[in-house]
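One structure below.
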Amino acid sequence: MEKIPFLGQTLTRWRVGQSTFLALPEKGARLMNWNLTLGDGSVRDIIYWPENADLADIAKVRGGNPVLFPFNGRCFDRGEIFFWRAADGVKRAIPIHGIARQGDFKVTRLDDRGFVAQFLPGDAARAAYPFDYEFSVTYRFEPFGLSCEFALANLGREPLPWSAGHHFYFTLPWSEGTVRGDYTIRIPAAKRLRQDPTGALVAGPMLQPEESLANPALVDTYHTALRSNEVVFGEKGRPGDVVVRLGPEKVPPPEATIVTWTLADDSPYYCVEPWMGPANAAEHKVGLHFVAPGETQKFTVGVKVK
C-alpha cells in the first residue's frame with residue numbers, strides 16, 4: 001500500500017498478488033482502477049479509469065465504481081424526475097444515483113488489503129435524505145478479485161428506506177484486436193424490466209441466457225428474478241472471464257437486480273451493475289429495503305477474474 005499525489009489529490013494504491021488497485025476513499029469512496037499483471041508480463045485493466053478524469057468533479061467521471069446510495073438510478077415523484085417522497089409525505093430533490101458518489105468520506109481503517117470509509121453527508125445530502133444514520137463502505141482486495149460491503153446503520157427512531165448499488169465500469173474490449181461482439185455475458189434472470197419516462201417499471205426485452213455484449217437490447221435493462229447470484233462475461237473461447245457476485249446467497253432475493261449499460265457502441269467500457277432493486281424503488285417499492293431503528297443492514301458484492 002502506498003500514497004500517490006495526483007492532480008491535487010492523494011490516491012492510495014494497493015498491490016495484492018498480481019492485482020493492483022487504485023482508489024480515492026475520501027471522495028465518494030471511489031475505487032478508480034483495478035489492473036491485473038498476466039503471466040507474460042502484460043497488464044490487463046479490469047476496472048476502467050479515463051486518463052483525462054477530473055477528480056474535482058468525480059461524480060461525473062465515467063470510470064471506476066461509483067457508490068450508489070441511498071437509491072439507484074433516477075428517482076421520480078409522481079412522474080417528476082430527480083425527486084422522491086418519504087413516509088412523511090415531503091417531496092425532496094435527489095440527484096441521479098443518490099448522494100454518496102459525489103460526497104466526502106472519512107477513512108476509518110486502512111491496511112494492506114483495503115479500506116473502510118464512512119460517509120460524511122453535507123447540507124445537500126442531509127436535505128435529500130434527512131435521517132440519522134451511518135453509512136460505510138468496506139473494500140477488501142484479493143490477488144484475483146475484490147469484495148465491497150455497504151453497511152447502513154439506523155441511529156434514529158424511524159425506519160430507513162434504501163435501495164443501493166454499484167456502477168462498475170469494466171474495461172471492454174480487453175484483448176488487442178477484439179471488438180465488443182467478441183464478448184458474451186451470461187445473466188441467469190427470469191425477468192427483465194426497464195424504466196419508462198415517468199419512472200414506472202415496464203417489461204424489458206426478451207433475451208437469451210447468454211447474449212453478445214454487442215446486443216443493443218442489453219443497454220439500460222434491469223435483470224431480475226435471478227436464479228443465481230453470479231453473472232459471468234468474457235471473451236468467447238478464451239480464459240479470463242469476469243464474475244460479478246450479488247450477495248452471499250446462491251440465489252439472491254427476487255427483487256435483486258443486475259443492470260447492463262454502456263454509453264455508446266465504441267465506449268471503452270461496459271457496466272455490469274449489482275443493485276438491491278430496480279431504479280425508483282422509493283416510489284414503486286420493488287427492491288426497497290427498510291432498516292429498523294437500532295439495526296444495521298449490509299449489502300455485499302464481489303468481483304473476480306477466473
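Worth pointing out:
- Residue in segment 55-65 that is closer than 21 Å to residue 139 by Cα and in a strand (DSSP E or B) present: yes
Conditions tested, residue by residue: (1) more than 27 Å from residue 300 (Cβ to Cβ); (2) surrounded by 14 or more Cβ atoms within 10 Å (Cβ to Cβ); (3) among the small types (Gly, Ala, Ser); (4) touching a Lys or Arg at 6+ places or on another chain (Cβ under 7 Å).
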position: 10; (1), (2), (3), (4): yes, no, no, yes
position: 18; (1), (2), (3), (4): no, yes, no, no
position: 23; (1), (2), (3), (4): no, yes, yes, yes
position: 31; (1), (2), (3), (4): no, yes, no, no
position: 39; (1), (2), (3), (4): yes, no, yes, no
position: 43; (1), (2), (3), (4): yes, no, no, no
position: 51; (1), (2), (3), (4): yes, no, no, no
position: 66; (1), (2), (3), (4): no, yes, no, yes
position: 73; (1), (2), (3), (4): no, yes, yes, no
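- Qualifying strands (runs of 3 or more DSSP E) (wholly inside segment 169-222; at least 2 residues being free of Cβ contacts under 8 Å to residues at least 24 places away in the same chain and out of contact with any His (no Cβ under 8 Å at 6 or more places or on another chain)): 201-203
- The residue that is surrounded by the fewest Cβ atoms within 10 Å (Cβ to Cβ), among those in segment 255-296 that are of a type in the set (Ser, Thr, Tyr) and assigned to a loop (DSSP other than H, G, I, E, B), is 267.
- Given (1) farther than 22 Å from residue 277 by Cβ; (2) in contact with a Ser or Thr (Cβ under 8 Å, 6 or more places away or on another chain); (3) surrounded by 18 or more Cβ atoms within 10 Å (Cβ to Cβ), index of the condition residue 1 fails: (3)
- Residue count, segment 220-231 (criterion: among the hydrophobic types (A, V, I, L, M, F, W, C) and crowded, with 18+ Cβ neighbours inside 10 Å): 2
- Residue count for segment 90-102 satisfying the condition of being of a type outside the set (Val, Ile, Thr), crowded, with 20+ Cβ neighbours inside 10 Å and more than 16 Å from residue 151 (Cβ to Cβ): 3.
- Residues in segment 154-168 that are more than 19 Å from residue 277 (Cα to Cα) and buried (at least 17 other Cβ atoms within 10 Å of the Cβ): 154 alone.
- Condition check for residue 116: assigned to a strand (DSSP E or B), among the hydrophobic types (A, V, I, L, M, F, W, C) and surrounded by fewer than 15 Cβ atoms within 10 Å (Cβ to Cβ): no
- Within segment 75-89, being surrounded by fewer than 18 Cβ atoms within 10 Å (Cβ to Cβ) and either assigned to a loop (DSSP other than H, G, I, E, B) or more than 23 Å from the chain's Cα centre (by Cα) (or both) holds for 78, 79, 80, 82, 85, 86, 87, 88, 89.
- Look at segment 55-74: where a residue is among the charged types (D, E, K, R) and a partner is part of a strand (DSSP E or B), sitting 6+ places away or on another chain with Cβ atoms under 8 Å, you get 62/169; 62/269; 74/81; 74/195.
Bear in mind that the values in this text are calculations on the coordinates, not laboratory data. Given the structure is predicted, the values throughout are model-derived calculations rather than measurements. Here the Cβ is made from the backbone with ideal geometry for all residues, glycine too, and neighbour counts use every protein chain on show.
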